[in-house]
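Comments concern the structure below.
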Amino acid sequence: MRQGAFTRNGVSRRRFLKICAAGAAGLALPGTAIATPSLHRWSGVALGAKAEINLQLEDAASAQRLFGLIEAEVRRLERIFSLYRQDSELFRLNGTGKLEAPSLEMVELLGLSQRLHRVTGGAFDPTVQPLWDHYARRAVGKAAASDFDTAKERTGLGGVSVEAAEIRYLKPGMAMTLNGIAQGFITDRITALLVAEGCTDMVVDLGEVVGRGTPEDTGKLEAGWPVTLRPDANHPEGNVRISLKDKAVASSARLGTTFDQGGTRSHILDPRSGLPVRGGLTGASVVASSAALADGLSTAALVCGEEKLNAVLAGMPDTSAFIVRGNGTWGWLNG
């Protein structure tokens, strides 16, 4: 499972929120003729990282209003899913072992997490947080290898009771991280907000990417937004350009973030063994109907491997993955 961790230079990776048209006309409102759109930019913090929103609109007042709505929605969702904000639902759940009257969003996201856990044979499991804490502490000399068994005993999604009235951990010491799926979920919610505001053609990028409608300059109804997939920066030749229309894409790399300064111990953990993933796939980009689904599957892909991932995708219509293998080859699954 994915978590914020140490990069090769010891600094957490940066994520940028960009709602823009990647060099095209941007975000268009239906029934509005935009002859000379201007770029309007907002910068701030989202999900604990520097964020940027770019809108191309003729009306500056409309852009500012949308900025306000987007920022408010991101903050609201942070108060649900943030691992470190003391006022978040997840923080309270991890601290006390139970969460009374959880939000609908928390129940919905944990429901999707349970589904992904089942179909991936346990490869997706947000309860790896005790293990992640263990490895992070070992990296700075604050935990011993012998502490591993205790951390491992505190994991397992089967030990989480999810009800509309209450979410509860069934074992002491459990904790969850939703960093392997919440980023996609929030991207979906921001997209839905913009659609509700009448926006039709846009790219929403909050680490995971959603493309809706078409670039205005193509004039082709079937055209989508050009996106280059780079699931593994160590194999730049294994890149592919796709057209994203009414779909989402999310990527994970085995060594994109690591626990050690040498960049060899992946931050993605195999929930079944408790160990950082090694071998198999080095990167995966999943294209799916929603960013949350793509996010969760791209995280699980590096754990379950090519054969199991292919079987999972076969049961999910309109879902595919571009993978990079450890031997440097690449290709599509279910595509």
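Which distance in nm do the two modelled labels at Ser273 and Leu170 give, with both placed 7 Å along the Cα-to-Cβ direction?
Between Ser273 and Leu170, the simple spin-label model gives 2.7 nm.
Roughly to the nearest percent, how much of the accessible area of the stretch 273-335 is carbon and sulfur, given a 1.4 Å probe?
On the way: 1120 of 2270 Å².
Carbon and sulfur together cover 49 percent of it.
Ignoring ligands, DNA and RNA, please state the percent of accessible area on the stretch 119-185 from carbon and sulfur, probe 1.4 Å. Let's see the in-between values first.
Details: 1290 of 2660 Å².
Whole-percent figure for carbon plus sulfur exposure: 49.
If R₀ is 56 angstrom, what is the calculated FRET efficiency for the pair Gln64 and Lys98, using the beta carbon separation as r and rounding to 0.05?
0.85
Under a 1.4 Å probe, what is the accessible area of the stretch 103-187 per residue, stated in Å²? Each step should come with its number before you reach the end.
Numbers: 3430 Å² over 85 residues.
Per-residue value: 40 Å².
At q = 0.13 Å⁻¹, what log₁₀ I(q)/I(0) does the stretch 148-225 have when each alpha carbon counts as one equal point scatterer in the Debye sum?
The computed values of log10 I(q)/I(0) come out as -0.62.
Could I have the simple spin-label model distance between Arg241 and Ala145, label points 7 Å from Cα toward Cβ, reported in nm to one decimal?
Inter-label distance under the simple model: 4.8 nm.
Taking a ≥ b ≥ c as the square roots of the eigenvalues of the Cα gyration tensor of the stretch 100-209, is the shape rounded (a/c under 1.5), prolate (a/b larger than b/c) or oblate? Don't skip to the answer; put the middle values down first.
Working: a/c = 2.66, a/b = 1.71, b/c = 1.55.
Taking the square roots of the gyration eigenvalues as a ≥ b ≥ c, the stretch 100-209 is prolate.
Taking the Cβ-Cβ separation of Ala223 and Asp318 as r and a Förster radius of 22 Å, what is the calculated FRET efficiency to the nearest 0.05? Show your work: numbers first, answer last.
On the way: r = 18 Å, r/R0 = 0.81.
Rounded to the nearest 0.05, the efficiency is 0.80.
The values are calculated or read from the model by the stated rules, or taken from the named source; none is laboratory data. The structure presented is a predicted model; accordingly, all values stated were derived computationally and were not measured. Quick reminder, even Gly has a Cβ in these numbers, built from the backbone with ideal geometry, and neighbours come from all protein chains shown. What goes into the accessible areas is simple: the full protein's heavy atoms, side chains included, and nothing from ligands, DNA or RNA. Shrake-Rupley method; radii C 1.70, N 1.55, O 1.52, S 1.80 Å.
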